[in-house]
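Report on the structure given below.
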Amino acid sequence: AAVDNSALKEDAYQRIKWNGWGAKHAVMKVDEQDHTVVRHVNGKPIRGLIPFLHKEINGGDGPLPRLEATPGLSLEEALAKLPASVVNDAFIAQVQKGLQPSQIRLDGESRLTHLFGKNYRDLWRLRKGFFERAPDAVVLPQSHDDCVKLVEAAHKHNVVIIPFGGGTNVTGCVEPNPFDPARRMIVSIDMRRMTRMLSIDKESRVATFEVGVMGPDLDEKLGRHGFMFGHDPDSYIYSTLGGWIAARGSGAMSNKYGDIEQMVLSMKIVTPTGVIETPLTSRPCGVDLNGMFIGSEGIFGIITEAVVKVEPIPPVKHYEGYLFPSFEAGYSAFYKCTAKGIHPTCMRLYDEDDTRMSFAMKWDEPAYKTALSKAIKTYLTNVKGFKIEKMCLVILGFEGSRAEVNHQRDLTTPVFRQFDGFCVGQSAGAGWQEKKYDLPYIRDFALAHAHWADVFETSVLYAEAIPCWRAVKEAVRNVWKQHGKRGWIGCHAAHQYRFGCCLYFTFASAQKDDRDLEVFLKLKTAATEAILKHRGNLSHHHGIGFEHVPWIERYFGTPTLDLLLKFKKDVDPKNILNPGKLL
Ligand code: FAD
């Protein structure tokens, strides 16, 4: 059916920041009266952030200095730096025949907002105006048929197209390839007008969606029928179903609801050589076609629709916090649970550095809670012998019926106690739920105040998890040392599988000049090398994008890479789909 978008006042990208995270008005700021306090986007005071930047990142002591503001380019200045557009008139003319005028955007602001993803490097380049190439147009399809028309036109006129979901990737997945030899027109295909739930089969518990739908909208649509999806990445509010599939995402509750590859049953993909529809079945036979497109990062085709499994909304969601005397102790508790077949919905273990960071980001709580936290700390240090600097926080979540939750908790608690885990109650779980989408706002704040922060992650076999955790942190710290710099790195372990888990690193440092970005790239290289040495994956859920391509041949091996390149050539002979990514 044709989509009526006459009521649409703004497209999703027009509501969010071009150079940061979230809605345009949502900004963390230094308090106007007290320069040691930061105001959260919700207005609540965060007292630990500036001391954290000062002490942990810069090794300062004594009184807190006033944070230096480092504003980036204004929108007008950034627009002035956009490279001249390359416009393929024949392509535009063909697209204009099939689509409405409001679906085709050639203006600077549309181009700028589709230039990069959301990692530190992306945001730094936006703030400084470092862009050699930008999309020349943004097109907003409203249906599968629109995508077919677009891909046909792009193929015919040799125009590059980059599928764009929420643009929240952090591995350079949507930026134009600066190495593309031909100066072809580049068009970003913004999927966020394709948000319909096309059908729901309650008996089989599956639903068909257009894949431009973002997290909250998807769950709202399912919620009307008593279901939810169960995919909760930290980028949930702004990322899309298509992006989750194409980047092989994984959400915080993956232990119970699965990673994205367990959630998708079938897909429609528009490729330059035809439309592929993977069979809808309870289990594929022969070669798993979905596997060819999950994680394909837009290089084989545009995913337009997907049939996904849906979950009944659990009546009980119980999240609580634990403190462990060390990362190793918490990790042993996790490992034991997994080995015994105990699978809480979510188990996140923050190492000592991440734990301190997470406490520093807390906003003010009622006085009784602060007193309770102090009493717990005193008890743990004086009675249980915990060392504050080694203490690690675990967030443990259970979802399901009351009986299921009780049963899983009954199984988990003794294991956690065996390794000296101390339960600090549900308020820690509630606090985590409240703040789990905050980090990108804090990162924006850091960038606007002479600091940077970023993340990377891997999945690793259990035998390598602790050595890999140690080696990565050491490798990163060594790079800082070699360059006479200092910084902070923390890690959390999550997503437990039968044979291994995910290690997720957050790191940050001062941002003084452009050399900091060079050092940052060296840090990432050192971290990736350390990960690979410990048989870690190039990524657990952030994907390959542009940034991990230098390692892809080592990772896949030459014959596999050749095979994938041949497949790419078959489906996309002119290499118009997101060139330079993944392979
Ligand atoms: P985009 O960033 O727009 O695109 C990602 C890739 O998918 C690109 O290669 C693009 O070309 C391709 N693509 C998008 N849509 C389509 C389509 N319809 N057809 C074909 N290709 C398409 N990821 C997680 O998995 N778990 C997390 O917890 C998580 N937390 C994050 C937290 C923050 C603060 C940030 C910034 C990122 C986080 N990410 C996380 C990474 C990112 O959000 C995911 O990779 C997400 O799946 C990307 O979805 P998107 O809709 O934004 O896709």
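One table, with the values for the structure above:
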quantity: Peptides ranked, highest mean first, by Cβ atoms within 10 Å: ranges 213-226, 445-458; calculated: 445-458, 213-226
quantity: Cα extents of region 228-281 along the three principal axes, largest first (Å); calculated: 36, 26, 17
quantity: For the chain, the spread of Cα positions along each principal axis, largest first, Å; calculated: 75, 55, 51
quantity: Cα-based helix-to-principal-axis angle, 367-378 vs the chain, degrees rounded to 10; calculated: 70
quantity: Among 160-171, 252-263, 331-342, 89-100, the order from most to least packed when residues are scored by Cβ within 10 Å on average; calculated: 160-171, 252-263, 331-342, 89-100
quantity: Rg in Å to one decimal, and Dmax rounded to a whole Å, for region 430-583 via C-alpha atoms; calculated: 17.5, 51
quantity: Stretch gain in nm, segment residue 364-residue 100, where the contour uses 0.36 nm per residue and the Cα spacing is subtracted; calculated: 90.1 nm
quantity: Distance from region 557-572 to region 201-239 (C-alpha centre basis), Å; calculated: 33
quantity: 0 to 90° range, to nearest 10: angle between helix 515-533 axis and the chain longest Cα axis; calculated: 80
quantity: Kirkwood-Stokes translational diffusion coefficient of region 3-139, alpha-carbon pairs, 4 °C, 1.567 mPa s, µm²/s; calculated: 72
quantity: Convex hull projection area averaged over all views, region 395-468, Cα basis, nm²; calculated: 7.8
quantity: Ascending count of other beta-carbon atoms within 10 Å, so fewest first, for 310, 37; calculated: 37, 310
quantity: Net charge dipole size for the chain [Lys, Arg +1 and Asp, Glu -1 on Cβ; Debye, nearest 20]; calculated: 960
quantity: Antiparallel content of DSSP bridges confined to the chain, in %, to 5; calculated: 90
quantity: Estimated inter-spin distance, residue 273 and residue 33, nm [label 7 Å along Cα→Cβ]; calculated: 6.8
quantity: Rounded to whole Hz, the Karplus (6.51, -1.76, 1.60) HN-Hα couplings of region 19-28, x for glycine and proline; calculated: 10, x, 10, x, 4, 4, 7, 8, 9, 7
quantity: Ranked packing of 565-577, 142-154, 74-86, most packed first, by mean Cβ within 10 Å; calculated: 142-154, 565-577, 74-86
quantity: The chain: angle of helix 144-157 to the longest principal axis, Cα-based, in degrees nearest 10; calculated: 70
quantity: Rg to Rh, two decimals, where region 197-312 supplies the alpha carbon set and Rh follows Kirkwood; calculated: 0.94
quantity: Region 185-231: projected area of the alpha-carbon convex hull, averaged over directions, in nm²; calculated: 3.9
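Every number here is computed from the coordinates shown, using simple stated rules; none is lab data. Bear in mind the structure is a predicted one, so any value in this text is a computation, not a measurement. Cβ coordinates were reconstructed from backbone atoms using ideal geometry, including for glycine residues, and neighbour counts include every protein chain displayed.
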